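Here the structure is laid out as structure tokens; the discussion comes afterwards.
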Amino acid sequence: MKRRTLLLSGLGAAGALLVGFAALPPRSRLGHAKTQAVVDGEIGLNGWIKIATDGSVLLAMNRSEMGQGVHTALAQLVAEELAVPLARLRLIAAGHESLYGNVAMFVGQLPLPPRSLEPGQESPAARLGAWTVAKLARELGINATGGSSSIADAWEPLRWAAATARQQLLGAASLRWKLPLTELRITAGVISHVASGDSAHYGEFAQAAAATPPGEVGLKPAKQWTLIGQSAPRLDLAAKIDGSARFGIDARPPGLLYAAIRHAPALGGAPGALPVDAALRQPGVERVVSLGPYAGGQAAVAVVARNSWHALRAAAALEIEWQGRPAGALDSARIAAALAEAARRAAADGLAFASEGDADRALAGPGRKIEALYEAPYLAHAAMEPMNCTARVREGRVELWVPTQVPGLARELAARVAGVAPEAVTVHVSYLGGGFGRRLEIDFVGQAVRVALETGGRPVQLLWSREEDMRHDFYRPAGAAFCEALLGEDGKPLGLRIGSAGDAISPRWMERVLPALAGPVDLPDKTAAEGLFDQPYAVPHQRIAHLATHSGVPVGFWRSVGHSHHAFFIESFVDELAHAAGVDPLAYRLSLLDGLPRHAAVLRLAAEKAGWGQALARGQARGLALHESFGSIVAQVVELTQDAGGRPQVLRVVCALDCGTVVNPAIVERQMEGAVIFGLTAALFGRIDIRDGVVQQRNFPDYPLLSLAQTPRIETHLIASHHAPTGVGEPGTPPVAPAVANAWFALTGERRRRLPL
């Protein structure tokens, strides 16, 4: 990285303070026995682990389950170190202590390219940045499920917590039986001494263990693992099959009322005159409540009734005089045109997230120059469970039943809206019927609490209709990128310049949910340029810059965030370079991956399993893409044909993945399958159009999802790795769109540079 510059470089005036802060030892994430309350004789051994009287193990669960299987994978880490069957492990809700905050998610926001993270190649700036951000995140203690970070964040803390508890239990048994530790064995949560025949389960030693120092603690070596690396059945499987699983929409506290909501049709609009008499005359209606713009959402009106049908009908009957957006109506076509123009300027005018050599000079030299403009639209989250929150405000306390990715932030907002201390708010986190980043927002929580303030202590369930959910989302930003490259005589790029443009997500999210930490000036947002500045290919001269825009459209985190469209931009462009050079797309990519053996191995595995280079049936073609996101490397090969309507029909997707140590292979495979389907939906159909400020898509008929009949055969192949686990929930989505587009070009000769395809 001779002349490579990153945003981490040049820490400026704050450098000395950061260095000093980073030199301090990190705060432990073990917690202590008193972190968890004693319930029914359960004994806490640290902030994560409790032991029940029957010997079962209780794990404080600090992550939300939204279909990704995280509850099972995290439980496997603990069961492995404590040598208990998964069936003997129960999950309990974690509290709000900073101990449970997500450190890995914030470290993942550092703008680090793949070459700076390869073992043995880490730069000092990268190490200092990661260490410092980890310490800051530990102090902030923000509990969030996102950024494909749950396993990465828990990999060491949970295993150390379980290993420490194991040693405390062994120590207690050693003291009681007056036997050396080396002679004790653990099998399925039972401590035994073979020679004497003594044995007892963990519950027999829990009380004494809580007062027993752990002594020397070590993690089990990989060769002794019996659960990590195994496809253990998911803990939530039975409940989701028999219908006993409880999502937010299933909350039914006694005396429940129901609320339906209406926002202004136009983004940024608000209700004006509000005649309520007609609504109050509707059957079952209790009241009409005006709602402010909580946590970045829009002002709205809610109708409270004794059942959801009456609430929905009465809300639809409201004749409201809607006010438009003060700054004028938004239009996605105009925004797209402005983004395309901004992308062409961004290489010169934007913030350089990565720069090496002299790209301007290289591109001015002799050789073949390739240029292309790529564009992507706004996208909705479209989670199957619409936004909802059940709230009760009574006797100075607030109780929430909510499917959220950020329970601590939901608690803080609920406290502000209700005018109580955060300690007076209890949050019950349910299963999430889809998250994809939408439930990192808390606007709907503020609305529910505001309505509950009007219901005399009775709980109320606020449920958005599908139409409200689709038309008042925090959308994946639209984006554009202008790519330029100059090819040398060998066909490899001598110079690369990419200018991208699009709204920055992180500053807007901070304004909404963490206003105390949001500054008056937007800091550079890594998510706005990720997938471009951190592309893996070796080019001697390159400049990759981003021009941050502020369109006024509410934008938020969407599955794989910036990678979701930037992978389409860069991997389509690399395919164009390979075609211009007259080189096979696989061979071309491999020739540019010097010094990145893991990337090359993933690419080769996907190609091998897909039969790259082998003949396909007439009318079929293959395309491939390689992309790293959230610390994981994914390559995908798509096989497709043309349907009767002349559109791409994907037949097969072959995925190869290096995500470090695999905790549960079956969960990883299901995550890749879900990510591919999610990515194909967006690549083929996904778009949000805004005209006169109004989102045109209302429901799934005009925002279609990939159907079962359209779903291709999906194969997943995992690279064996000794590295720590990295992300899984999102990395399977980014390569899908470029692989489809590249296969379409191979089939038809038509290069499509705008999504959806």
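Which order do peptides 670-681, 647-658, 731-742 fall in by mean Cβ count within 10 Å, highest first?
In descending order of packing, they fall as 731-742, 670-681, 647-658.
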> If you project the alpha carbons of the stretch 625-756 onto the principal axes, what extent comes out on each, in Å, largest first?
Replying inline: 51, 36, 26
> Dividing the alpha-carbon radius of gyration of the stretch 270-324 by 2.2 N^0.38 Å (N being the number of residues), what value is obtained?
Replying inline: 1.12
> When you take every Cα atom in the stretch 177-250, what is the radius of gyration, and what is Dmax, the widest Cα pair distance, in Å?
Replying inline: 18.5, 55
>> At 1.4 Å probe size, with the rest of the protein present, what percent of the exposed accessible area of the chain is carbon and sulfur atoms?
In response: 55
>> Sort 274-285, 199-210, 536-547 by packing, meaning the average of other beta carbons within 10 Å per residue, with the highest value first.
In response: 536-547, 199-210, 274-285
>> Quick one: the Cα spread of the stretch 321-470 along its three principal axes, in angstroms, biggest first?
In response: 76, 40, 29
> How large is log10 I(q)/I(0) at q = 0.19, 0.25, 0.32 Å⁻¹ when the Debye formula is applied to the Cα atoms of the stretch 332-375, each weighted equally and without solvent?
Replying inline: -0.77, -1.04, -1.17
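So if I average 1/r over every pair of distinct C-alpha atoms in the stretch 215-306 and take the inverse, what Kirkwood radius in Å does that give?
The answer is 18.6 Å.
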> Which percent of the Cα-Cα distances in the stretch 411-489 go past 15 Å?
Replying inline: 70
> If you average the sequence gap of Cα pairs under 8 Å that are 6 or more apart and divide by the length of the stretch 383-482, what percent do you get for the contact order?
Replying inline: 37
> Can you list the HN-Hα couplings for the stretch 421-437, worked out from phi with the Karplus curve (6.51, -1.76, 1.60; θ = phi - 60°), rounded to whole Hz and with x for Gly and Pro?
Replying inline: 6, x, 5, 8, 10, 10, 10, 9, 8, 8, 4, 9, x, x, x, 6, x
> What full-extension length gain, to one decimal in nm, is calculated for residue 187 and residue 307 as 0.36 nm per residue of separation minus the Cα-Cα distance?
Replying inline: 38.0 nm
> For residue 32 and residue 707 in one chain, what is 0.36 nm times their gap in residues minus the Cα-Cα distance, to one decimal in nm?
Replying inline: 238.1 nm
>> Suppose each label sits 7 Å from its Cα in the direction of the beta carbon; what would the residue 341-residue 754 distance come out to in nanometres?
In response: 1.6
>> Could you tell me which residue out of 657, 353, 531 lies farthest along the dipole of the chain toward its positive end? Charges go on the beta carbon: Lys and Arg +1, Asp and Glu -1, centred on the Cα centre.
In response: 657
> Based on Cβ point charges of +1 for Lys and Arg and -1 for Asp and Glu, what charge dipole magnitude is obtained for the chain about its Cα centre, in debye rounded to the nearest 20?
Replying inline: 360
>> Per residue, how much accessible surface does the chain expose to a 1.4 Å probe? Answer in Å², no decimals.
In response: 39
> Considering the dipole of the chain built from charges on the beta carbon (Lys and Arg +1, Asp and Glu -1) around the Cα centre, which of 465, 146, 232 is farthest to its positive end?
Replying inline: 232
> Given H placed 1.01 Å from N in the peptide plane, which residues other than close sequence neighbours of residue 90 have an amide H under 5 Å from its amide H?
Replying inline: 57, 58, 59
>> What are the ³J(HN,Hα) couplings of the stretch 605-622, residue after residue, when phi is run through the Karplus curve with 6.51, -1.76, 1.60 and θ = phi - 60°? Round to Hz, x for glycine and proline.
In response: 5, 4, 5, 4, 5, 8, x, 4, x, 7, 5, 10, 4, 4, x, 10, 8, 10
>> For the pair residue 246/residue 278, report the inter-label distance in nm, with labels modelled 7 Å from Cα in the Cβ direction.
In response: 3.9
> From the residues 509, 421, 487, which one has its Cα farthest along the dipole of the stretch 397-546 in the positive direction, the dipole being from +1 and -1 charges on Cβ of Lys/Arg and Asp/Glu about the Cα centre?
Replying inline: 421
>> Report the gain in length on full extension from residue 322 to residue 517: 0.36 nm times residue separation, minus Cα-Cα distance, nm rounded to one decimal.
In response: 66.9 nm
> In terms of the Cα gyration tensor, with a ≥ b ≥ c the square roots of its eigenvalues, is the stretch 527-570 rounded because a/c is under 1.5, prolate because a/b exceeds b/c, or oblate?
Replying inline: oblate
> With Rg and the Kirkwood Rh both taken from Cα atoms, where does Rg over Rh land for the stretch 454-541?
Replying inline: 1.23
>> I'd like the FRET efficiency for residue 641 and residue 489, computed as 1/(1 + (r/R0)^6) with the beta carbon distance as r and R0 of 56 Å, rounded to 0.05.
In response: 0.95
> Once you wrap a convex hull around the alpha carbon atoms of the stretch 421-461, what is its projected area averaged over all directions, in nm²?
Replying inline: 3.7
>> Out of all DSSP beta bridges in the chain, what portion is antiparallel? Express it as a percent rounded to 5.
In response: 70
> When the Cα atoms of the stretch 490-627 are enclosed in a convex hull and the volume is divided per residue, what value in Å³ results?
Replying inline: 155
> So for the stretch 173-215, Kirkwood radius off the Cα pairs, Stokes-Einstein at 37 °C and 0.692 mPa s: how many µm² s⁻¹?
Replying inline: 308
> Could you give the Stokes-Einstein D for the chain in µm² per second, using the C-alpha Kirkwood radius, 20 °C, 1.002 mPa s?
Replying inline: 78
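The values are calculated or read from the model by the stated rules, or taken from the named source; none is laboratory data. No experiment lies behind these values; they were computed from the predicted model shown. Cβ atoms come from the backbone with ideal geometry, glycine included; neighbour counts cover every protein chain shown. Just so you know, the surface numbers come from the protein's heavy atoms only, side chains and all, with ligands and any DNA or RNA stripped out. Shrake-Rupley method; radii C 1.70, N 1.55, O 1.52, S 1.80 Å.
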